[in-house]
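*Asks:* Okay, handing you the structure first.
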Amino acid sequence: MKTTAFAAAFAALFGGLVGIAPAMAEDITIGAVIPLSGASATTGKDQSRGIELAVKQVNANGGVLGKQLKVIVEDSGGKPQTAIDAAKKLVSVDKVPIVIGEYSSGNTIPLGQYLVQEGMPHINPASTSGLVRDIGATSYSVVGLDNVSTEFAAQDVLDHGWKKVAVLAMNNAFGQGVAEEFKKHFTAKGGEVATTVMYTIGQSTYRRELQQVEAAEPDAYVFTAYGTEGALIMQEAFELGMQEGKPWYSILITMMNKDTPAEFKKGLIGMDVGYIGEDGDSYKSEYETAYGETFLSAYGGYAHDAVLFAAAALNKAGSTDKAAVLKAIEDLGKEGVKGATGEIKLDADGQRTHQPYLKFKVEGEKLVAYE
Amino acid sequence: MFDFFIHVASIACLYGVLALSLNLQAGFTGLVNFGLIALFGCGTYGAALASGMGWHPLLGLPAGIAMAALLGLFYARLGRKLSSDYWGIATLSIAEIIRISVTNEQALTGGAQGISGLPLLFAGLKPYDGVARLALYAAVLALVWLFCQRLVKSAFGLSMKLMREEPQLARSLGYDLDRIRRVVMLVSAAIAAFAGFLYAHYLTFVGPDQLVSPETFLIWSMVIIGGIANNRGVIAGAFLMQFAMAYVPFVKDALDLPTDFVAAARLIIVGGGLLAFLLWRPKGLFPEKVGGSNGR
């Protein structure tokens, strides 16, 4: 019967799938879940490059526990469900001692919560939402959270003498966090946020949102945007004449600078996480030699450092035993680990205590850091 | 490996329940619903609401089902005025409106950051909690399947199929099409919300990213590949798709392929699989059995 044949084929397929065993290797493996498809795929690519370079560096310096380090990278598809699928695979099949991941807060939080339930060490290499702090006991961040970065931005904006600003941010976990935290710090420091407009990403025009912020008549516009959206916003602001006499300030400016043509971003300034710390120069030159271009985003460096941190923790623990690794991470967090983004120290909640931020201004196509 | 298998099977069971819900609408009644995920979302946010308000977690279930029932009735009401293709577009846009509203209602829903920290079902049974959950989900799937089978084989089921095939004839024979649509939407909305409730207490996180329209189309692809208007078929479709997607990374590891392969392969499985079935086997793996209603 046809149906029976189908059912048989179906069963065979399942059997086959279940039967595929993981490749056993002599290496020490850790896991990483990053977005290699979906909206954040470019950042994911940058993260995977950072990981690759870190593995090279660790192995050139003797590896981990006398063996070679290997990172199994899994795609999160930019979705919480797929991210958790990937983490479950890494934990229960590959039996990795540490999982690094993800990029956007909406995925990092559920991913981290699952790992915490399993008592697994989780290292967040990118998500800056304040909610990351509450993920749980075995979750750590090698990147500073929103409250730290927006405070820096608020101070920077005030230092320029702009007291009344309009805020434009994307309507997702990241944008909502930035808008809320920025307002909090800016108001506390004596500034005024005249209006906050949240925009949906992926639109073909942002004129409505731009005219909305224009109506508030601020001293300056503060915004945050991903690559091509940032480019469109800047272009339309230019076309609407909103750049004439009014300064624009970009929070995490490296996200959008590369995609924006020079004519639409004259005089743009902003801030970003310093993707280069004291030991960052060698990382930058290695990256450029290996991939023939400059950084795709600010987050490759953090993924790089997450791997360095994990490798250092494993070496310190002397084994891949969970309890020993967790203890080693706590100790390392106090002692500090040197990475491409500077020295990484963790506070009592396992979050990075301080990190370098840089002020940037646009000169032609390029971003230049200034003091 | 075993834990991972349990996990994938658990999710597949929940997708199976969703596929059965869509099958009642699209398969048997001809209601082309592109907004299924919003009904599912009522269930997940019902669970989140109970957690946020500090209620007993079980109260999230009636809350979710009540919201889904209202939404289902609204969908059905729209169906009185619109022909089926326009109705499909309307459901798609309503689901999107709901997702965007949820993203913006930060005070109530946590906005884009979602609501996390829901209690995990059977967390106390560690290390057997995964097996316990799978057993529950499988039981739920079996019950829903049994219910759907009985429903479509009943006299009401025949009227559903008549409405799908010949709405004018059905009306001329005195069937109340609005009532049929209403009942089908109510029942299938409750089923979808139930799946959402279980899903929320499995993932322990609820967010608007779970309600994007590609999720609806994933369920559609399960239904079409498995066999539309065949309850056994759509469950097979759900398991096949979920396992194929979840096991792609192992193919990558076994063949030592780059991780980019996984992303591409998943897209090909959903899009290519759907296209291939529509072209060469439009009735799916298990085609509908015509006249198979207990000899009625």
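The values are calculated or read from the model by the stated rules, or taken from the named source; none is laboratory data. Since the structure is predicted, the reported quantities are computational estimates derived from the model, not experimental observations. Glycine gets a Cβ as well: all are built from the backbone with ideal geometry, and neighbour counts include every protein chain shown.
*Asks:* Would you mind telling me which numbered condition in (1) within 14 Å of chain A (Cβ to nearest Cβ); (2) modelled with pLDDT of 95 or more B:A139 fails?
*Replies:* Condition (1) is where B:A139 drops out.
*Asks:* On the given criteria, is A:D331 out of contact with any Phe, Trp or Tyr (no Cβ under 6 Å at 6 or more places or on another chain), part of a loop (DSSP other than H, G, I, E, B) and not hydrophobic (A, V, I, L, M, F, W, C)?
*Replies:* no
*Asks:* Give the stretch B:74-99 a look and list any residue that's touching a Ser or Thr at 6+ places or on another chain (Cβ under 8 Å) and free of Cβ contacts under 8 Å to residues at least 40 places away in the same chain, or say none.
*Replies:* Across the stretch B:74-99, the qualifying residue is only B:L78.
*Asks:* Among the residues of the stretch A:165-185, write down those that are away from every other protein chain (no Cβ under 11 Å), within 20 Å of A:I233 (Cβ to Cβ) and without any contact (Cβ under 8 Å) to a residue 60 or more places away in the chain.
*Replies:* The answer is A:A166, A:V167, A:K183.
*Asks:* Considering the stretch A:334-368 alone, what residues qualify as being part of a strand (DSSP E or B) and more than 20 Å from the chain's Cα centre (by Cα)?
*Replies:* A:K361, A:V362, A:E363, A:K366, A:V368
*Asks:* Here is a check on your reading of the model: is A:D146 more than 10 Å from chain B (Cβ to nearest Cβ) and crowded, with 23+ Cβ neighbours inside 10 Å?
*Replies:* yes
*Asks:* Residue check, B:S154 against (1) farther than 21 Å from B:R77 by Cα; (2) crowded, with 24+ Cβ neighbours inside 10 Å, all met but one. Which one?
*Replies:* (2)
*Asks:* Take A:G77 and decide whether it is of a type outside the set (D, E, K, R) and within 22 Å of A:T320 (Cβ to Cβ).
*Replies:* no
*Asks:* Now for a separate question. Report yes if some residue within the stretch A:106-118 is part of a loop (DSSP other than H, G, I, E, B), more than 21 Å from the chain's Cα centre (by Cα) and within 8 Å of chain B (Cβ to nearest Cβ); otherwise report no.
*Replies:* No, every residue in the stretch A:106-118 fails to be part of a loop (DSSP other than H, G, I, E, B), more than 21 Å from the chain's Cα centre (by Cα) and within 8 Å of chain B (Cβ to nearest Cβ).
*Asks:* Out of A:G202, A:G241, A:G245, report the one residue that is in contact (Cβ under 8 Å) with a residue 24 or more places away in the chain and either out of contact with any Cys (no Cβ under 8 Å at 6 or more places or on another chain) or within 14 Å of chain B (Cβ to nearest Cβ) (or both).
*Replies:* A:G202
*Asks:* State yes or no: is A:D331 in the same structural domain as A:A41 (by TED's automatic domain parsing), surrounded by fewer than 16 Cβ atoms within 10 Å (Cβ to Cβ) and within 24 Å of A:I28 (Cβ to Cβ)?
*Replies:* yes
*Asks:* Another question, if that's okay. Within the stretch B:114-136, can you find the residues that are assigned to a loop (DSSP other than H, G, I, E, B) and either modelled with pLDDT of 95 or more or not basic (K, R) (or both)?
*Replies:* B:G114, B:G117, B:L118, B:P119, B:L120, B:L121, B:F122, B:P127, B:Y128
The rows are residues; the columns are (1) under 23 Å from A:A173 (Cβ atoms); (2) at pLDDT 90 or above.
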| position | (1), (2) |
| --- | --- |
| A:E209 | yes, yes |
| A:A215 | no, yes |
| A:V222 | yes, yes |
| A:Y226 | yes, no |
| A:F238 | no, yes |
| A:P247 | no, yes |
| A:S250 | yes, yes |
| A:I253 | yes, no |
| A:D259 | yes, no |
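*Asks:* Let me ask another. Given the conditions (1) within 19 Å of A:L240 (Cβ to Cβ); (2) in contact (Cβ under 8 Å) with a residue 60 or more places away in the chain, report the number of the one that A:L210 does not fulfil.
*Replies:* Of the numbered conditions (1) within 19 Å of A:L240 (Cβ to Cβ); (2) in contact (Cβ under 8 Å) with a residue 60 or more places away in the chain, the odd one out for A:L210 is (2).
*Asks:* Which residue out of A:V193, A:V148 is touching a residue at least 40 places away in the same chain (Cβ under 8 Å) and aliphatic (A, V, I, L, M)?
*Replies:* That would be A:V148, the only listed residue that is touching a residue at least 40 places away in the same chain (Cβ under 8 Å) and aliphatic (A, V, I, L, M).
*Asks:* Being within 19 Å of A:V178 (Cβ to Cβ), touching a residue at least 12 places away in the same chain (Cβ under 8 Å), surrounded by fewer than 19 Cβ atoms within 10 Å (Cβ to Cβ) and away from chain B (no Cβ under 14 Å) is the requirement here; does A:Q235 meet it?
*Replies:* So A:Q235 does not fit the description; no.
Rundown of residues vs (1) surrounded by fewer than 20 Cβ atoms within 10 Å (Cβ to Cβ); (2) touching a strand residue (DSSP E or B) at 6+ places or on another chain (Cβ under 7 Å), yes/no style:
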{"site": "B:A68", "(1), (2)": "no, no"}
{"site": "B:L78", "(1), (2)": "yes, no"}
{"site": "B:T91", "(1), (2)": "no, no"}
{"site": "B:S116", "(1), (2)": "no, yes"}
{"site": "B:L125", "(1), (2)": "yes, no"}
{"site": "B:A135", "(1), (2)": "yes, no"}
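*Asks:* Condition first: over 16 Å from B:A9 (Cα atoms), β-branched (V, I, T) and either assigned to a helix (DSSP H, G or I) or at the interface with chain A (Cβ under 9 Å from one of its Cβ atoms) (or both). Now tell me which residues in the stretch B:220-250 satisfy that.
*Replies:* Once the filter is applied, which keeps residues that are over 16 Å from B:A9 (Cα atoms), β-branched (V, I, T) and either assigned to a helix (DSSP H, G or I) or at the interface with chain A (Cβ under 9 Å from one of its Cβ atoms) (or both), the stretch B:220-250 yields B:V223, B:I224, B:I225.
*Asks:* Now, a different point. Yes or no: B:V270 in contact with a strand residue (DSSP E or B) (Cβ under 6 Å, 6 or more places away or on another chain) and either in a helix (DSSP H, G or I) or closer than 24 Å to B:F2 by Cβ (or both)?
*Replies:* no
*Asks:* Since B:G27 meets every condition but one in (1) farther than 15 Å from B:M222 by Cβ; (2) in contact with an Asp or Glu (Cβ under 8 Å, 6 or more places away or on another chain), which condition does it not meet?
*Replies:* Tallying (1) farther than 15 Å from B:M222 by Cβ; (2) in contact with an Asp or Glu (Cβ under 8 Å, 6 or more places away or on another chain), B:G27 fails exactly one: (1).
*Asks:* Here is a check on your reading of the model: is B:I269 surrounded by 24 or more Cβ atoms within 10 Å (Cβ to Cβ), more than 9 Å from chain A (Cβ to nearest Cβ) and of a type outside the set (D, E, K, R)?
*Replies:* no
*Asks:* Do any residues in the stretch B:1-16 that are facing chain A (nearest Cβ under 8 Å) have Cβ atoms under 6 Å from those of residues that are surrounded by 23 or more Cβ atoms within 10 Å (Cβ to Cβ) and outside any helix (DSSP H, G or I), where the two are at least six apart or on different chains, and which pairs are they?
*Replies:* Listed pairs, sorted by first residue: none to list.
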